[in-house]
Amino acid sequence: MVNRELRAKEGVPGKYEILPREFFFKDTMTVAKELLGKYLIKKEKNYYISGRIVETEAYLGDNDPACHAYRSITPRNSVMFEDGGKIYVYFIYGNYYCFNIVTERKGSGSAVLIRAVEPYSGLNYMKKRRPEVRSVYDLTNGPAKFCLAFGIDRRYNGMKLNNGNFFIVKNPSAERINIVITRRIGLKEGADYPYRFFIKNNPFVSNHRLNKEIISEIIV
DNA sequence: CGGGAGATGGGCT
DNA sequence: GCCCATCTCCCGA
């Protein structure tokens, strides 16, 4: 499955292969790891912007006290209980949005948070949305920074991926990714679980002391 | 550079 | 009324 329109406009190396919906039906930890290195593309009015996913966190439904879906279904978290492959956007700290991808099958309440991407195309549009940012490394190195740069807000909550606005594609050339695993960031309950994943030595990962508190490393 | 305070408003008890 | 999956700025070293 190759989208020639995207391929022509984005020029990501190799062929553009859109991830099938089944990719997101797998268990959340697997999806969180396998999303690293994939390209997230957003269609704007007359152009596309894109970035390579470099940092994720897993949130595991009713087994995970840090997960928004831990207690019960509410108006805010209802999208998390739908089938994998939908977009869950929530509003946080009075100012910011975070972008998640729902995982597993209907009812699981699980998702993967996109914590950082490496800008790939549309850098000028990202800078225009974040004029105060000086370094390209600070454009998208955090879950809300990424949403600011990509213009993500509550309008996208509940949308399907690969359905017009957002696409996630892989580069079919077999790329090995060195993954570092740490605790998740910004939590009280559930903070000790090793559910944060990022690409080793990538300069677009969010800055945090936990980057040095490495629990394990794997190659996928 | 690393750490901490403040901003800010929706969600839920 | 308290909590919050954050960001930015400002401080001191």
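The values are calculated or read from the model by the stated rules, or taken from the named source; none is laboratory data. All values derive from a computational prediction rather than experimental measurement. Neighbour counts are summed over all protein chains in view; Cβ atoms, including those assigned to glycine, are modelled from backbone coordinates with ideal geometry.
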Can you tell me which of (1) more than 13 Å from DNA strand C (Cβ to nearest atom); (2) assigned to a loop (DSSP other than H, G, I, E, B) is the one A:Leu40 doesn't meet?
(2)
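Residue-by-condition table, conditions (1) surrounded by fewer than 22 Cβ atoms within 10 Å (Cβ to Cβ); (2) hydrophobic (A, V, I, L, M, F, W, C); (3) modelled with pLDDT under 95:
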{"site": "A:Ile73", "(1), (2), (3)": "yes, yes, no"}
{"site": "A:Tyr96", "(1), (2), (3)": "yes, no, no"}
{"site": "A:Asn100", "(1), (2), (3)": "no, no, no"}
{"site": "A:Gly107", "(1), (2), (3)": "yes, no, no"}
{"site": "A:Ser110", "(1), (2), (3)": "no, no, no"}
{"site": "A:Val117", "(1), (2), (3)": "no, yes, no"}
{"site": "A:Ala144", "(1), (2), (3)": "yes, yes, no"}
{"site": "A:Asn163", "(1), (2), (3)": "yes, no, yes"}
{"site": "A:Ser173", "(1), (2), (3)": "yes, no, yes"}
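Residue-wise test of (1) surrounded by fewer than 20 Cβ atoms within 10 Å (Cβ to Cβ); (2) within 16 Å of DNA strand B (Cβ to nearest atom).
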{"position": "A:Arg176", "(1), (2)": "yes, no"}
{"position": "A:Pro194", "(1), (2)": "yes, no"}
{"position": "A:Phe197", "(1), (2)": "no, no"}
{"position": "A:Val205", "(1), (2)": "no, yes"}
{"position": "A:Val220", "(1), (2)": "yes, no"}
Which one is surrounded by the most Cβ atoms within 10 Å (Cβ to Cβ), of the residues in the range A:46-71 that are in a loop (DSSP other than H, G, I, E, B) and hydroxyl-bearing (Ser, Thr, Tyr)?
A:Tyr70
Scanning the range A:75-89 residue by residue, those surrounded by 17 or more Cβ atoms within 10 Å (Cβ to Cβ) and assigned to a loop (DSSP other than H, G, I, E, B) turn out to be A:Asn77, A:Glu82, A:Gly84, A:Gly85
Expected single match for more than 7 Å from DNA strand C (Cβ to nearest atom), closer than 19 Å to A:Leu40 by Cβ and under 16 Å from the mean Cα position of the chain (by Cα) among A:Phe99, A:Phe91 is A:Phe99
Per the filter on the range A:1-29, residues under 22 Å from A:Phe204 (Cα atoms) and at pLDDT 85 or above are A:Met29
List the pairs whose first member sits in the range A:126-137 and is closer than 19 Å to A:Tyr47 by Cβ and free of Cβ contacts under 8 Å to residues at least 60 places away in the same chain, whose second member is basic (Lys, Arg) and surrounded by 14 or more Cβ atoms within 10 Å (Cβ to Cβ), and whose Cβ atoms are under 6 Å apart, counting only residues at least 6 apart or on separate chains?
none
Go through the range A:120-141 residue by residue and tally those that are in a loop (DSSP other than H, G, I, E, B) and touching a helix residue (DSSP H, G or I) at 6+ places or on another chain (Cβ under 9 Å).
5
What number of residues in the range A:155-165 are more than 16 Å from DNA strand B (Cβ to nearest atom) and either outside any loop (DSSP other than H, G, I, E, B) or of a type outside the set (A, V, I, L, M) (or both)?
5
Which one of these does A:Ile152 not meet: (1) within 14 Å of DNA strand C (Cβ to nearest atom); (2) surrounded by fewer than 18 Cβ atoms within 10 Å (Cβ to Cβ); (3) assigned to a loop (DSSP other than H, G, I, E, B)?
(2)
Determine which single condition A:Ile168 fails, assuming it passes every other condition in (1) of a type outside the set (Ser, Thr, Tyr); (2) under 16 Å from the mean Cα position of the chain (by Cα); (3) assigned to a helix (DSSP H, G or I).
(3)
